[in-house]
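Q: So that we are looking at the same thing, I have put the structure below in structure tokens.
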Amino acid sequence: MNSPLDIRTLYIVLSQVFVMLAIAQILVWHIHREMPGPAQWASSSIFYTFGFILLVMRERIPDVISIDGGNALLMLATMLLLDGVYRFCHRSPLSVWEIWIFAGTMSLFVFFHHISPSFRFRVILVSIFLGTYLGRTAYSIFAHTEKEARSQSILAGITLGVLSTILLLRSLLFLVRAPSSTLFTDSTFSSILMVSVILTSIGWTLGLILMLTQRVATNFVEVEAMLRHLIATDSLTGIGNRRSFFQAAQSEFARARRYHTSVSLI
């Protein structure tokens, strides 16, 4: 079924969206450099941007750069997104095995592109890889985010989960029917996929920023409580110092005046 939306135009729009998202992520990372995660998220957005730009330039540059390079960047971007969430949730970064999975997937991709050309199996490979890693990212957000940030993590988790489901359904669709042999063939499903990527990429970026904002607010409250404790206690004995004594005294005198009672000190 033909779509009223031009797929190449949607790819161009998607590239422009990721340029703006990459700029936003870079600014967030610049402000919160000490936080684990934003550096990987910013790198992920940059990789997504260049990956889609290379795909848009197909038929204008060599296929080994546009198709192989573009899809490799998309897969690396998705791995960086998951790695950033792992680091943000204080989990171990991606292991070396993840690099081997990427290398194996790209080897099969190159095989089905240059040695035994099959657009169908290339799409299935990339869709399964991206869908699986995005699904793992969504699960990590829901399962390992602190309780204080659960409400802020809903947007990122849901949008990533939705996109993961769409990509996995795409792989099933290509398994059961023979697809067109061109990336830019207009179809209803292709249009739905591209619009979904545009909307969910905005959604998960906003969600990640909300999660980071909540983490900063939580850290600020914890630091403020720690400073209040340090100010009011003696560092050697751990008991209240002169400042805390006068604060307690002022509070008790104010209470005595309010309730017209007497005050005694032992």
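Rule-based calculations on the coordinates, nothing more; no lab input. Note that the structure is a prediction, hence the values are computed from the model and not measured. Note that we place each Cβ from the backbone using ideal geometry, even for glycine, and neighbour counts take in every protein chain shown.
Q: Hey, can you grab everything whose amide H is under 5 Å from the amide H of THR233? Only 5+ residues off in sequence or another chain; H modelled, so Pro and N-termini drop out.
A: It is ASN241, by chain and number.
Q: Same structure again: With a ≥ b ≥ c the root eigenvalues of the C-alpha gyration tensor of the range 51-103, is it rounded (a/c under 1.5), prolate (a/b larger than b/c) or oblate?
A: oblate
Q: Place the peptides 80-91, 39-50 in order of packing, highest mean first, counting for every residue the other Cβ atoms within 10 Å and averaging per peptide.
A: Ranked by mean Cβ neighbours within 10 Å, highest first: 39-50, 80-91.
Q: While we're on this one: Can you pull the one-decimal nm distance between simple spin-label points at ARG91 and PHE111, each 7 Å off the Cα toward Cβ?
A: Result for the modelled spin labels: 2.9 nm.
Q: Quick one: 3J(HN,Hα) in Hz for the range 67-83, Karplus 6.51/-1.76/1.60 with θ = phi - 60°, rounded, Gly and Pro as x.
A: 7, 5, x, x, 5, 4, 5, 5, 5, 5, 4, 5, 5, 5, 4, 5, 4
Q: Once a ≥ b ≥ c are taken as the square roots of the eigenvalues of the Cα gyration tensor of the range 1-142, is the result rounded (a/c under 1.5), prolate (a/b larger than b/c) or oblate (a/b not larger than b/c)?
A: Judged from the Cα gyration tensor, the range 1-142 comes out oblate (a/c at least 1.5, b/c at or above a/b).
Q: Go through 64-74, 155-165 and give me the packing order, highest mean Cβ count within 10 Å leading.
A: So the order, starting with the most tightly packed, is 155-165, 64-74.
Q: What's the ranking of 140-146, 205-211 by average number of surrounding C-beta atoms within 10 Å, highest first?
A: Answer by packing, highest mean first, reads 205-211, 140-146.
Q: Which of the three applies to the range 12-93, rounded, prolate or oblate, going by the alpha-carbon gyration tensor with a ≥ b ≥ c and a/c under 1.5 meaning rounded?
A: oblate
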